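The values are calculated or read from the model by the stated rules, or taken from the named source; none is laboratory data. Predicted model, so just to flag it, every value in this text is computed and none were measured. With ideal geometry, Cβ positions are generated from the backbone for all residues, glycine too; neighbour counts draw on all protein chains shown.
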Amino acid sequence: MTAQVIDGRAVAQAVRIELRERTRRLRARGIVPGLAVLIVGDDPASAVYVRQKTRACEEVGVHAEVHAFPADVAQAVVVQRIRELNDDPRIHGMIVQLPLPAHLEIRPILESIAVAKDVDGFHLYNVGALVIGHGDSVFPPCTPYGVMRLLEHAGIAIEGQNAVVVGASNIVGKPMGLMLLQRGATVSICHIKTRDLAQFTVLADILVVAAGCPNLIRPDMVKPGAVVIDVGINRLPDGRVVGDVDFASVKDKAGFITPVPGGVGPMTVAMLIRNTVRAAERVAGSIEPDEVEEALSGEP
Ligand code: GUN
């Protein structure tokens with residue numbers, strides 16, 4: 001079997017086209033959706049991600065501004081800027097690019113973002129809303145939400161399926177597990193301390209891998225015909241970018257697979273813009289339905 005490759009670039013492009021139209025309607029009413037991105041230090045990968053995010057915003061007509069701080073910035077300075085942005089009516093969404101330097105405390109920084117502007121969905125309130133399945137009222141974290149959108153696009157049924165998530169981060173693994181659970185999957189979340197990872201992954205109808213470990217998943221760890229979603233973005237010493245899944249060999253065993261690059265990555269950016277446009281629509285009092293919305297609804 002050769003897997004069907006899910007083209008994240010194409011799906012993200014379709015989402016951006018829809019968002020451009022929604023942005024046009026907001027602009028016609030005098031509202032320009034605005035995103036502020038805070039970045040601390042000079043991590044090269046973070047700089048690339050931030051550039052991708054701001055460029056994609058501009059393409060859709062969303063105002064994006066970057067607030068850059070030196071690596072040794074004081075916690076209070078970052079929090080003060082967030083407070084100012086909370087009060088800035090031009091800004092509808094705000095994110096703090098992670099990771100942060102070790103001297104900064106992540107939680108107080110994320111909790112100082114106004115819930116209504118937390119378009120990364122990392123504030124405790126939004127995390128809690130995700131846990132109890134309050135789909136409509138939250139900003140879903142962009143990467144797992146992008147994965148849900150890809151699964152929908154590929155017509156993959158989730159209810160009753162065995163879903164295995166590899167990686168238990170707050171950004172991807174945990175919210176991914178919650179979203180799949182919300183849609184009725186039986187979910188296992190594996191992590192660095194999991195004994196015999198393959199024992200879990202071979203049971204997966206849907207396997208989402210977000211471990212940050214190049215080529216971790218080999219064909220013998222995959223159920224024939226499984227849906228394999230690769231969230232990993234790893235740069236090898238020779239400069240090549242690869243995922244967490246050995247794409248070349250696993251594609252002959254899986255039913256569906258996402259490539260790296262060109263799979264989940266573009267969806268993360270598209271969902272960030274979607275959350276920002278939605279935040280602006282909320283302020284405007286005219287939330288528009290989007291295809292992605294169903295991804296969080298429905299009880300297990
Ligand atoms: N670092 C890696 N992924 C993300 C993300 O989705 N949002 C933010 N803010 N930082 C990240």
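Is it the case that L98 is more than 14 Å from the ligand (Cβ to nearest atom), aliphatic (A, V, I, L, M) and either surrounded by fewer than 23 Cβ atoms within 10 Å (Cβ to Cβ) or outside any loop (DSSP other than H, G, I, E, B) (or both)?
So L98 fails the test.
So if I check each of P140, P108, P144, which one is farther than 23 Å from V166 by Cα and within 16 Å of the ligand (Cβ to nearest atom)?
Criteria check complete, one pass: P108.
Starting from region 220-236, keep only residues that are farther than 17 Å from V264 by Cα, then list their pairs with residues that are part of a helix (DSSP H, G or I) and modelled with pLDDT of 95 or more whose Cβ atoms are within a distance under 6 Å, requiring at least 6 positions of separation or different chains.
M221/A198; M221/T201; V222/V250
Is there a residue being without any contact (Cβ under 8 Å) to a residue 12 or more places away in the chain and under 24 Å from V48 (Cα atoms) anywhere in region 62-82?
Scanning region 62-82 turns up at least one residue that is without any contact (Cβ under 8 Å) to a residue 12 or more places away in the chain and under 24 Å from V48 (Cα atoms).
Give me the pairs, please: first residue somewhere in region 258-282 and more than 15 Å from the ligand (Cβ to nearest atom), second residue anywhere and of a type in the set (K, R) and not in a helix (DSSP H, G or I), beta-carbon distance under 9 Å, and either six or more positions apart or on two chains.
Matching pairs, first to second residue: P259/K251.
Would you mind finding the one in A163, A198 that is of a type in the set (G, A, S), more than 16 Å from the ligand (Cβ to nearest atom), over 20 Å from the mean Cα position of the chain (by Cα) and under 23 Å from K253 (Cα atoms)?
A198
May I ask you to list the residues in region 70-95 that are outside any helix (DSSP H, G or I) and either within 14 Å of the ligand (Cβ to nearest atom) or of a type in the set (A, V, I, L, M) (or both)?
A71, V73, A74, I91, G93, M94, I95
Pairs only if they're at least six apart or on different chains, beta carbon under 8 angstrom, first in region 134-163 and free of Cβ contacts under 8 Å to residues at least 12 places away in the same chain, second assigned to a helix (DSSP H, G or I) and more than 15 Å from the ligand (Cβ to nearest atom); list them, first residue then second.
S137/A129
When you scan region 39-57, do you find a residue that is within 16 Å of the ligand (Cβ to nearest atom), touching a Ser or Thr at 6+ places or on another chain (Cβ under 8 Å) and not in a strand (DSSP E or B), even just one?
yes
Looking only at region 161-175, which residues are among the hydrophobic types (A, V, I, L, M, F, W, C), buried (at least 20 other Cβ atoms within 10 Å of the Cβ) and more than 14 Å from V228 (Cα to Cα)?
Hits for region 161-175 are I171, V172.
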